[in-house]
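Beneath this line is the structure, given in structure tokens, with notes to follow.
The values are calculated or read from the model by the stated rules, or taken from the named source; none is laboratory data. Everything quoted here is computed from the prediction, not taken from an experiment. Counting neighbours? That spans all protein chains shown, and the Cβs are built from the backbone with ideal geometry, glycine included. Heads up: the accessible areas ignore ligands, DNA and RNA and are worked out on the full protein's heavy atoms, side chains in. Shrake-Rupley method; radii C 1.70, N 1.55, O 1.52, S 1.80 Å.
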Amino acid sequence: MTQYFNSFYSQIAQNRLSPWLDVLPNQLNTWYRSNLHGEFKDWVKNIELLPQVTPSNINITSSVSVGEENTLSDGLRKKTKHHLMQMKPWRKGPYHLHGLHVDTEWRSDFKWDRLVPHISDLTDRYVLDVGCGSGYHLWRMQGAGAKFVVGIDPTQLFLAQFWAVQHFMQNPNVNLLPLGIDDLPKLNAFDTVFSMGVLYHRKSPFDFLQQLRDQLVDGGELILVTLIIDGDENTVLVPQERYAQMRNVWFIPSAKALESWLKKVGFKNIRLVNTDQTTLDEQRKTEWIDTQSLSDFLDPNDPNKTVEGYPAPLRAIFVANK
């Protein structure tokens, strides 16, 4: 199964990421031998049963779409949907695959539309997305002109979902690896690093911000999207037990506190460019998930609070430079 990464190895051997080859093949071999999810091979079998279709009419500039409505027969479209449904829940998207609409829990295009006006032109850039999920934004980064796009996310279901979309896209310049930020050496090689929805899941936010900085070239740009709360530079929420039903939320800082954290690890030119409270239009239940969603995480009597009584999810976009 590690043959899925052979193309990536060949490509980075010829570009600025070549030092990564000192550790990466061994890491992925170890991952495959010892850490496979019990259902992973079943997910791969479903990918292998997807119809073979030559990519056409690919749109990754205003959506993530491939093919026409009538490319697949009704029977093949139903078969495709069946195989993709075996990989629920589909969190980030949406995807349009030869007439099949994968209506994911999150409208990730909303987030993309919010941040694009505030970031540097991605044309010809090497881009890393840390905690990329199934890779929706990887495609949009490539559509925005990036030369080479790498996503990392240790969740193996997301890797399978990415491979399913890649089955139809067949784009060698967009890649996802089943790794976390702790697995990456200090590459200092990416022009742009994205981290969207990860910081609050890390026990040590300062170590995480430093790890992001260690992936950037000098002058490179960080785009950090994360939960914040209202308050001054000393305000940080440390939820007890759960936050919006999530167990692994450690720290939610105010915008001013987060700015001071970024400064402390050496980032410059720090800008808060957007804040937005998550709505039920952006995160909601669809047939493509079999779990709860935002409506279940908010106080039914006060949508400005979580079910635990904390402030409802408010997300900020920060842009900064190394």
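Does residue 48 meet the test of being in contact with a Gly (Cβ under 6 Å, 6 or more places away or on another chain) and open to solvent by 80 Å² or more (accessible area, probe 1.4 Å)? No; evaluated as a whole, the condition is false for this residue. Going through (1) touching a Phe, Trp or Tyr at 6+ places or on another chain (Cβ under 7 Å); (2) open to solvent by less than 50 Å² (accessible area, probe 1.4 Å) one by one, residue 16 falls short only on (2). Among the strands (runs of 3 or more DSSP E) confined to the stretch 114-222, the ones with at least 2 residues that are in contact with an Asp or Glu (Cβ under 6 Å, 6 or more places away or on another chain) and either more than 20 Å from residue 250 (Cβ to Cβ) or at pLDDT below 95 (or both) are located at 190-196. The condition (being touching a Leu at 6+ places or on another chain (Cβ under 9 Å) and open to solvent by 50 Å² or more (accessible area, probe 1.4 Å)) is satisfied by just one residue among 79, 92, 41: 79. Here is a check on your reading of the model: is residue 71 touching a His at 6+ places or on another chain (Cβ under 7 Å), over 26 Å from residue 285 (Cβ atoms) and not acidic (Asp, Glu)? Considered against the rule, which asks whether it is touching a His at 6+ places or on another chain (Cβ under 7 Å), over 26 Å from residue 285 (Cβ atoms) and not acidic (Asp, Glu), residue 71 comes out as yes. For the stretch 259-271, the count of residues that are among the hydroxyl-bearing types (Ser, Thr, Tyr), under 24 Å from the mean Cα position of the chain (by Cα) and under 25 Å from residue 130 (Cα atoms) is zero. Applying the set (1) farther than 17 Å from residue 208 by Cβ; (2) out of contact with any strand residue (DSSP E or B) (no Cβ under 7 Å at 6 or more places or on another chain); (3) of a type in the set (Phe, Trp, Tyr) to residue 243 leaves exactly one unmet item: (2). If the requirement is being surrounded by 21 or more Cβ atoms within 10 Å (Cβ to Cβ), under 22 Å from residue 60 (Cα atoms) and either in contact (Cβ under 8 Å) with a residue 12 or more places away in the chain or in contact with a Leu (Cβ under 7 Å, 6 or more places away or on another chain) (or both), which of these qualifies: 153, 121? Going through 153, 121 in turn, just one is surrounded by 21 or more Cβ atoms within 10 Å (Cβ to Cβ), under 22 Å from residue 60 (Cα atoms) and either in contact (Cβ under 8 Å) with a residue 12 or more places away in the chain or in contact with a Leu (Cβ under 7 Å, 6 or more places away or on another chain) (or both): 153. When 237, 212, 298, 262 are checked against the criterion of being out of contact with any Lys or Arg (no Cβ under 6 Å at 6 or more places or on another chain) and under 27 Å from residue 102 (Cα atoms), 298 stands alone in meeting it.
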